[in-house]
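Okay, here's the structure, questions in a sec.
The values are calculated or read from the model by the stated rules, or taken from the named source; none is laboratory data. Remember, it's a predicted structure, so these values are computed and weren't measured experimentally. Positions of Cβ are backbone-derived with ideal geometry, glycine not excepted, and every protein chain shown enters the neighbour counts.
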Amino acid sequence: MRSFNEYRARHRATLRAAVASALLISTPYAFGQSVGATLRGQVTAEAGPASGATVTATNTATGLSRSAQTSANGTYSLAGLPPGEYRIEVAAGGGTSSQIVLLQVGQTATLDLQTGATLPGELESVTVTAQRLFETKTSEVATYVSLRQIEALPQSSRNFLEFADTIPGVQFIQAGNGSTEIRSGAQSANGVNVFIDGVGQKNYVSRGGVGGQGSLSDSGVSGKGSRGNPFPQLAIGEYKVITSNYKAEFDQLSSAAIVAATKSGTNQFELEGFWDFTNEDWRASDPFEARDGEKAASEQEQYGLAVGGPIIQDRMHFFVTYERKNFESPRRVFPGSSYSGHLPARLQGLIGNFTLPFEEDLVFAKIDWTPGDAHLIELSAKLRDESELVFGESEAPEHATDKKNEDARYDLRYQYTGEFFLNDMHITYEDSTFSPRPLTDGAGFQNFNGATDAGNLVLTSGAGDSYEDRSQKGYGFQNDTTFNAIEWFGTHTLKAGVKFKKVELSVRAQTPYNPIFALDINDPTDTPWRVRFGAPLPFLDDLTVKSENKQYGIYLQDDWDVTDRLQLNLGLRYDYEETPGYLDYVTPSDIVAAMNSQATNPASESPLGRAKAGP
């Protein structure tokens, strides 16, 4: 058994040192406008609809409070409420009532109220259980995943998206190498978008839908699939999955919209943590291990910490969480299936049992501040740092690819609640990179059983051949405004929004990165019969393709309550993306001249021909 302790020591993330030694039990959630709940209904008194009544919703954990006045027919609407438990109080004409309800992420719930009586929620001798409200009019096809489900249902990955597998039409797929992706319907993972606190997490430079996850179709030795998680599960409060009929506010998706709300601190200090561990002693032997009578060493360790609490009672709170994965997965290296002879001495030490290390660090931190009842300011940050060593079943460990995956996202949010409207603004920044590199540099070798590659590859050794740099980096601005309880041929809730994003997309790939020599293992002189290598063009200094993309979006939607039994959900959205790397690319004059000379002169006389003559 061989390990890669030097590799692990070299790639230990430094994020651990920034985590406090405390844990968090359960907290309410932050919210973007698309994940905030809306509570509406009608207030009545003994004489009929109560116009001018005051309806106040107070979060029982954080003290956040929102109020609204009823219209002439007694209707009210409170938008942008964080999912959680609320005390709903109504006062009109000297009469009052109150009750406790539970609102879910992105929910539009109806609650009709009456004044003139005090409900049991006011009595100290009565244990009050929050009433869970349900959506009864929405056209969305959506399913909720609650915090209770996240805490209680068994799972192996600690990826919060895994619970979406319980929803009809949605698949959470985990490949044999541990890479994961989520799909909906008959579409690929590219059609999914995940919204965390109202901000999309879209991947622009590789397939897979979610930033940093990649696709299982690319999850080979040098592929883009990841065993890591896109977000720390300790930070997720609840989420819902919309599989069809999503509203105009959701963008950059064609299958499922996953709308998640994160936890935030409360008026009490709360702690939570977990630790999962298993190794080869806790699993059965595979067929090869059973044959050899010895198990390959393996280990899976996951742990996390979280802490949240008040900075200023009812006004300012903090929440911090850290999660880590540390895997050592067994990998058996053996000659290609077409070879059953005796390997040369130089290759014999390269087969056997090895380990594939994987490490991931996830950090999420947030501060929320309510300077007044109409204002909410929130700053949050997510950091992801992972590294993974991968090599194939007929590849020596020295030929491995070191896959690095880093993702940093920041969100500054300001919400203002007016008398009849709610405005929600986000300023965001993201920096996401995927950069696989050869573990070793130098010369690589493909060892064949004969001087041909027709299915005779025995073992690949030496330096690796995969090199990529894929990144998306830039800032964004989005603003959503909701106008509540507009009376005009029924009751309308109008929502409008704009979005602008400037993001630099960058891709560089080179295969092979190191020269690859083809050898015949039956040739005692080890003379290569083929050499493959990348020959740089002398007039191209940088092989990186970059594009300063700009994205624009605008939408308008109307939830129209025609009657108390009929609601129409109407929406219109327009998105436009400008990609200079595609629209404005000009072929360099040197390349044009080289291509023209290639058509009339011998290959050796043109710059392009000389570049091609190397291999």
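Among 203, 159, which is under 22 Å from residue 506 (Cβ atoms), assigned by TED's automatic domain parsing to the domain that holds residue 409 and either in contact (Cβ under 8 Å) with a residue 40 or more places away in the chain or surrounded by 22 or more Cβ atoms within 10 Å (Cβ to Cβ) (or both)?
Details: 159 fails: under 22 Å from residue 506 (Cβ atoms).
Checking each option against the conditions leaves just 203.
Among what's in region 162-191 and is closer than 30 Å to residue 102 by Cβ and among the polar types (S, T, N, Q), pick the residue that is surrounded by the most Cβ atoms within 10 Å (Cβ to Cβ).
Among them, the one singled out is 184.
I would also like to ask the following. Do we find a residue being under 31 Å from the mean Cα position of the chain (by Cα), of a type in the set (A, V, I, L, M, F, W, C) and either part of a strand (DSSP E or B) or not assigned by TED's automatic domain parsing to the domain that holds residue 311 (or both) anywhere in region 406-414?
Applying the first criterion (under 31 Å from the mean Cα position of the chain (by Cα)) to region 406-414 yields 406-414.
Those left that are additionally of a type in the set (A, V, I, L, M, F, W, C): 408, 412.
Applying the additional criterion that residues be either part of a strand (DSSP E or B) or not assigned by TED's automatic domain parsing to the domain that holds residue 311 (or both) yields 408, 412.
Checked region 406-414: at least one residue is under 31 Å from the mean Cα position of the chain (by Cα), of a type in the set (A, V, I, L, M, F, W, C) and either part of a strand (DSSP E or B) or not assigned by TED's automatic domain parsing to the domain that holds residue 311 (or both).
Using the structure shown, decide if residue 176 is under 24 Å from residue 426 (Cβ atoms), in a loop (DSSP other than H, G, I, E, B) and modelled with pLDDT under 90.
Numbers: under 24 Å from residue 426 (Cβ atoms): no; in a loop (DSSP other than H, G, I, E, B): yes; modelled with pLDDT under 90: yes.
Here the answer is no, as residue 176 does not meet what is asked.
So which pairs qualify, if the first residue must be in region 162-178 and farther than 18 Å from residue 244 by Cα, the second must be buried (at least 20 other Cβ atoms within 10 Å of the Cβ) and among the small types (Gly, Ala, Ser), the Cβ gap must be under 6 Å, and the two must be at least 6 apart or on different chains?
Partner pairs satisfying both residue conditions: 175/219.
Anything in region 549-596 that is loosely packed, with under 13 Cβ neighbours inside 10 Å and either of a type in the set (Gly, Ala, Ser) or in contact with a helix residue (DSSP H, G or I) (Cβ under 6 Å, 6 or more places away or on another chain) (or both)? List them, or say none.
Once the filter is applied, which keeps residues that are loosely packed, with under 13 Cβ neighbours inside 10 Å and either of a type in the set (Gly, Ala, Ser) or in contact with a helix residue (DSSP H, G or I) (Cβ under 6 Å, 6 or more places away or on another chain) (or both), region 549-596 yields only 589.
Right, here's the next one. Check whether at least one residue in region 213-231 is buried (at least 24 other Cβ atoms within 10 Å of the Cβ), in a loop (DSSP other than H, G, I, E, B), assigned by TED's automatic domain parsing to the domain that holds residue 312 and at positive phi, and report yes or no.
So far as region 213-231 goes, yes, one or more of its residues are buried (at least 24 other Cβ atoms within 10 Å of the Cβ), in a loop (DSSP other than H, G, I, E, B), assigned by TED's automatic domain parsing to the domain that holds residue 312 and at positive phi.
So that you can scan it fast, the table gives a plain yes or no per residue for (1) out of contact with any helix residue (DSSP H, G or I) (no Cβ under 9 Å at 6 or more places or on another chain); (2) more than 30 Å from residue 63 (Cα to Cα):
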| residue | (1), (2) |
| --- | --- |
| 327 | yes, yes |
| 342 | no, yes |
| 348 | yes, yes |
| 352 | yes, yes |
| 374 | yes, no |
| 377 | yes, no |
| 396 | no, yes |
| 405 | yes, yes |
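Here's a follow-up. Any idea how many residues of region 459-499 are among the small types (Gly, Ala, Ser) and farther than 30 Å from residue 108 by Cα?
Residues of region 459-499 that are among the small types (Gly, Ala, Ser), as a first pass: 461-464, 466, 471, 474, 476, 485, 490, 496-497.
Filter again for farther than 30 Å from residue 108 by Cα, leaving 461-464, 466, 471, 474.
Selection size over region 459-499: 7.
Which one is nearest to residue 211 (Cα to Cα) among residues in region 405-427 that are surrounded by 16 or more Cβ atoms within 10 Å (Cβ to Cβ) and among the charged types (D, E, K, R)?
407
What number of residues in region 90-107 are assigned to a strand (DSSP E or B) and more than 22 Å from residue 483 (Cα to Cα)? If you could, list the steps in order and put the result at the bottom.
Going residue by residue through region 90-107, those that are assigned to a strand (DSSP E or B) are 90-92, 95-103.
Still in the running and more than 22 Å from residue 483 (Cα to Cα): 91-92, 95-102.
Total meeting the criteria: 10.
Still on this model: Filtering region 300-336 down to residues that are in contact (Cβ under 8 Å) with a residue 60 or more places away in the chain and among the aromatic types (Phe, Trp, Tyr), which residue is surrounded by the most Cβ atoms within 10 Å (Cβ to Cβ)? Lay out the reasoning, then the answer.
Kept after step one, since they are in contact (Cβ under 8 Å) with a residue 60 or more places away in the chain, are these residues of region 300-336: 302, 304-308, 313-315, 317, 319-325, 327-329, 331-336.
Cutting the leftovers down to among the aromatic types (Phe, Trp, Tyr) gives us 319, 322, 327, 334.
Details: 319: 27, 322: 24, 327: 19, 334: 13.
Filtering region 300-336 for residues that are in contact (Cβ under 8 Å) with a residue 60 or more places away in the chain and among the aromatic types (Phe, Trp, Tyr), the one surrounded by the most Cβ atoms within 10 Å (Cβ to Cβ) comes out as 319.
Do we have residue 111 as at pLDDT 85 or above, closer than 24 Å to residue 315 by Cβ and not aromatic (Phe, Trp, Tyr) here? Write out each step before concluding.
Values: at pLDDT 85 or above: yes; closer than 24 Å to residue 315 by Cβ: no; not aromatic (Phe, Trp, Tyr): yes.
When the stated conditions are applied, residue 111 does not pass them.
Condition first: within 15 Å of residue 264 (Cα to Cα) and surrounded by 19 or more Cβ atoms within 10 Å (Cβ to Cβ). Now tell me which residues in region 80-103 satisfy that. Walk me through it before giving the result.
Within region 80-103, the first condition is being within 15 Å of residue 264 (Cα to Cα), and the residues that meet it are 81-85.
Passing the criteria: 81, 82, 83, 84.
Looking only at region 446-493, count how many residues are among the aliphatic types (A, V, I, L, M), farther than 30 Å from residue 507 by Cβ and not in a strand (DSSP E or B). Walk me through it before giving the result.
At the first step, the residues of region 446-493 found to be among the aliphatic types (A, V, I, L, M) are 451, 454, 457-459, 463, 485-486.
Pick out the ones that are also farther than 30 Å from residue 507 by Cβ and you get 451, 454, 458-459, 485-486.
Narrowing the set further to residues that are not in a strand (DSSP E or B) leaves 451, 454.
Total satisfying the criteria: 2.
For region 434-477, which residues satisfy the criterion of being of a type in the set (Ser, Thr, Tyr), under 30 Å from residue 551 (Cα atoms) and either in contact with a helix residue (DSSP H, G or I) (Cβ under 8 Å, 6 or more places away or on another chain) or buried (at least 18 other Cβ atoms within 10 Å of the Cβ) (or both)?
Scanning region 434-477 gives 467, 471.
Among the residues of region 31-68, write down those that are closer than 20 Å to residue 95 by Cα and part of a loop (DSSP other than H, G, I, E, B).
Hits for region 31-68 are 46, 47, 50, 51, 52, 53.
Further question on the same structure: Yes or no: region 292-299 includes at least one residue that is without any contact (Cβ under 8 Å) to a residue 60 or more places away in the chain, surrounded by fewer than 20 Cβ atoms within 10 Å (Cβ to Cβ) and in a strand (DSSP E or B).
Just the residues of region 292-299 that are without any contact (Cβ under 8 Å) to a residue 60 or more places away in the chain, to begin with: 292-295, 298-299.
This time we only want the ones that are surrounded by fewer than 20 Cβ atoms within 10 Å (Cβ to Cβ), so: 292-295, 298-299.
Going one step further and asking which of them are in a strand (DSSP E or B), we end up with 299.
Yes, that holds for at least one residue.
For residue 165, all conditions in the list (1) outside any strand (DSSP E or B); (2) under 13 Å from the mean Cα position of the chain (by Cα); (3) at pLDDT 85 or above hold save one; what is the number of the exception?
All conditions are met except number (2).
Shifting gears a bit: Quick check on my filter: what residues within region 261-301 are within 30 Å of residue 201 (Cβ to Cβ) and among the aromatic types (Phe, Trp, Tyr)?
Of everything in region 261-301, those that are within 30 Å of residue 201 (Cβ to Cβ) and among the aromatic types (Phe, Trp, Tyr) turn out to be 269, 274, 275, 277.
Residues are listed down the side, and each one gets a yes or a no for (1) assigned by TED's automatic domain parsing to the domain that holds residue 472; (2) at pLDDT 80 or above; (3) more than 30 Å from residue 249 (Cα to Cα):
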| residue | (1), (2), (3) |
| --- | --- |
| 524 | no, yes, yes |
| 541 | yes, no, yes |
| 559 | yes, yes, no |
| 609 | no, no, yes |
